[in-house]
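K.L.:
Pasting in a structure now, in structure tokens, and then I'll have a few things to ask.
The values are calculated or read from the model by the stated rules, or taken from the named source; none is laboratory data. Model, not experiment: these values are computed from the prediction. Here the Cβ positions follow ideal geometry from the backbone for every residue, glycine too, while neighbour counts run over all protein chains shown. In case anyone asks, the SASA skips ligands and DNA or RNA and just uses the protein heavy atoms, side chains included. Shrake-Rupley method; radii C 1.70, N 1.55, O 1.52, S 1.80 Å.
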Amino acid sequence: MRHRIAGRKLSRPTGHRMSMLRTAVTDLLRYESVRTTEPKAKEIRKLAEKVITRGKRGGLHQRRLASAFLTDKIVLKKVFDELGPRYKSRDGGYTRIVKLGPRKGDSAEMAILELV
């Protein structure tokens with residue numbers, strides 16, 4: 001039974017899954033939009049919102065925690081200098097998922113994840 005177990009495994013070992021999600025969050029924050037499957041988009045959204053909230057709070061400790069998660073220093077600077085102030089008055093909900101329909105090759109549900 002999966003009672004009280006959050007998150008999706010996405011058919012990957014833990015290390016691969018976390019590496020993939022870290023890269024996807026970094027790309028989302030860099031380009032402000034990413035096209036992926038719907039379950040991945042829902043997992044990416046959870047992690048991206050936490051990183052943006054760290055950017056809103058500011059401070060050295062929050063910057064170091066975000067730096068440990070993100071894979072690019074330029075994106076880290078963008079989170080704290082641009083995205084944090086942009087969403088200062090917003091209480092969460094920084095991303096939007098737009099469903100696109102099934103992918104042609106394997107019929108996986110696709111979605112666009114973008115910053116609001």
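K.L.:
Ala68 is checked against (1) in a helix (DSSP H, G or I); (2) in contact (Cβ under 8 Å) with a residue 12 or more places away in the chain and fails just one. What number does that condition carry?
P.N.:
The one condition Ala68 does not meet is (2).
K.L.:
Sticking with this structure for a sec: Across region 71-116, what is the total count of residues that are in a strand (DSSP E or B), over 18 Å from Glu32 (Cβ atoms) and open to solvent by 80 Å² or more (accessible area, probe 1.4 Å)?
P.N.:
Total satisfying the criteria: 3.
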